[in-house]
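The values are calculated or read from the model by the stated rules, or taken from the named source; none is laboratory data. All figures in this text were calculated on a predicted structure; none of them were measured in a lab. Glycine also receives a Cβ, built like all others from the backbone with ideal geometry; neighbour counts cover every protein chain displayed.
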Amino acid sequence: DPSAAFSGNITVEPCFPCAAPSAVIFGPAAISQPCFHHADSSSSNSNSNSSSSSSSLLQIASMVPPSFDASLSFDPSGRSIWRNVTWALWHPDGNYSASAQDGWTILQDAIDRTNRLTHPNDRLVLSLTADEAAGLPSHSGYGLTVTLVSWLGTTSSETVEFSKPAASDAAPPVWILGPRVHSFRLSEGIRASAEAARVCGGGHSPASWLWTSSAEWIVGGPDGLTNASGRSPQLYLPAPLPVVHGQSIQLQVKAVYDGSIPGGSTQSSIVTMTAIGAVPYAYVYGPSGDVPNDSVLVFNATSSRDPDTTPDMQQLEFSWDCRREDYPNPCFTGTEQGDWDTTPGVWQVPASLLTAGIRHTITVTVNKVVPEQTSALASSASLEFRPRRAEEPFPRGTLTRQCAIAAALANGVCVSPHNADEDLTLMLEVAPDYMDAGVSWSSTEVPGASDLPVSIGPVANAYIFTIPATLLRTVNRQMITVTATMGYNGYTGAAVTT
């Protein structure tokens, strides 16, 4: 937002140690021999012409030079401007076959050509020419490695292994598309796709496909796949899945060919997939604004949710914090701080333990239970309130956001963030003893809120306050706080919602 100018000071320090980038390579697991012959143009019938056209298309597809792409590599700094990108040969398990010497020479030429490019980001894709792909000898253990140096000087390397199958009647190799190790989002389930190497003249296609895994809960097979002419079987395992953030599983696809192929009727490919979880949605509801100090304040965060699974399967932990507006003065002067042990996610605090007339902010941090040595997944939510002496006749009320039934829990609490393209509607319910209180509205984030009209709610002591979407769209904030100030007999009280 160009109109939101920053003023003030900020200290910038270099990271130490800096987080390393994550190198990723997308490329084929097998390189097919290009088909340079052409279909017979003298075909005399439509069936032959149709067959020739299909064959020509396959030949053209097989002539597309293979490439190895590292452009989706990720720098956690958020700035994928690489200081250096270099490719090199990689010999898996020392597999430097003398019979494939010409192949290693061809790959080295492609590497040198790529590494000579001036700008590092232009070196992220290593491509073979059609002649190089055709001249590559058959070999089962070719390998390349890419090393990335970030703008902060951190490095990351990744390798890819591929083969050049021999021109024979053996079953063509298959592979699962994408890098050999990659991640998936738990909330989106697992998607994987496999394909077989193209063979000149059509060749053999897998008769069936079978997906297996070391994880016992994964069961797949031909009936559970969507096949496209037997070429690109798709595996989809919808969420929720019995996997936790950071857990890795192996997927294997096996292509089963018909029994007429000598030298083996199956080929397989394996990938490792790591689950990436989402942070939980933190919600807390309870008293806000001005509250009497003779009550027990109940703050409830049990409506918090893990978007990766169902409410009955989620595992969440809660931690609580209280901070006064005159921090570092403590909220509690003694050891008694209420009860957050009896019911996980609920904190009951006698208001008499807190200092009257001082604003307090209660914050709950919701942590998802994850394996050790895995990055934490947490989010927080807060409420602000001010204890007042109960003997003061200050007007009291509750201010809540109104939302559609589908977006609310059974207790009426709105659990979904508000869509800024829709009007924001709030309802103030004034305590019956203060029905004649005057009400004014304000919001620091929405300066024009004080001038908006107010309507009477469904009952006599309720008011409806609406901030139109046209005004919300001018607010460049993730959260806004609205305060309803009530005045009665010389006393004021506030109801607040965020």
Q. When both residues are 6+ apart or on different chains and their Cβ atoms are under 7 Å apart, which pairs have a first residue that lies in segment 370-384 and is in a loop (DSSP other than H, G, I, E, B), and a second that is loosely packed, with under 15 Cβ neighbours inside 10 Å and small (G, A, S)?
A. V370/A376
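Restricting the search to segment 457-481, which residues are in a strand (DSSP E or B), in contact with an Asp or Glu (Cβ under 9 Å, 6 or more places away or on another chain) and under 30 Å from E391 (Cα atoms)? Please lay out each step first, then the result.
Of segment 457-481, the ones in a strand (DSSP E or B) are 462-467.
Retained after the next criterion (residues that are in contact with an Asp or Glu (Cβ under 9 Å, 6 or more places away or on another chain)): 462-463, 466-467.
Selection gives A462, Y463.
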Q. Of the conditions (1) under 22 Å from S32 (Cα atoms); (2) part of a helix (DSSP H, G or I); (3) modelled with pLDDT of 90 or more, L126 fails just one. Which one is it?
A. (2)
Q. Is it fair to say P387 is modelled with pLDDT of 80 or more, outside any strand (DSSP E or B) and surrounded by 14 or more Cβ atoms within 10 Å (Cβ to Cβ)?
A. no
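Being hydroxyl-bearing (S, T, Y) and within 15 Å of A70 (Cα to Cα) is the filter here, so list the residues in segment 104-139 that pass it. Talk me through it step by step, then tell me what you get.
Initially, segment 104-139 is screened for residues hydroxyl-bearing (S, T, Y), giving 105, 114, 118, 127, 129, 138.
Within segment 104-139, T114, S127 qualify.
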**Q.** Subset of segment 445-478 (residues that are among the polar types (S, T, N, Q) and either under 32 Å from the mean Cα position of the chain (by Cα) or on the phi > 0 side of the Ramachandran plot (or both))
**A.** T470, T474, N476, Q478
Q | Subset of segment 357-383 [over 23 Å from N419 (Cα atoms), surrounded by 13 or more Cβ atoms within 10 Å (Cβ to Cβ) and of a type outside the set (A, V, I, L, M, F, W, C)] | A | R359, H360, T361, T363, T365, N367, K368, T374
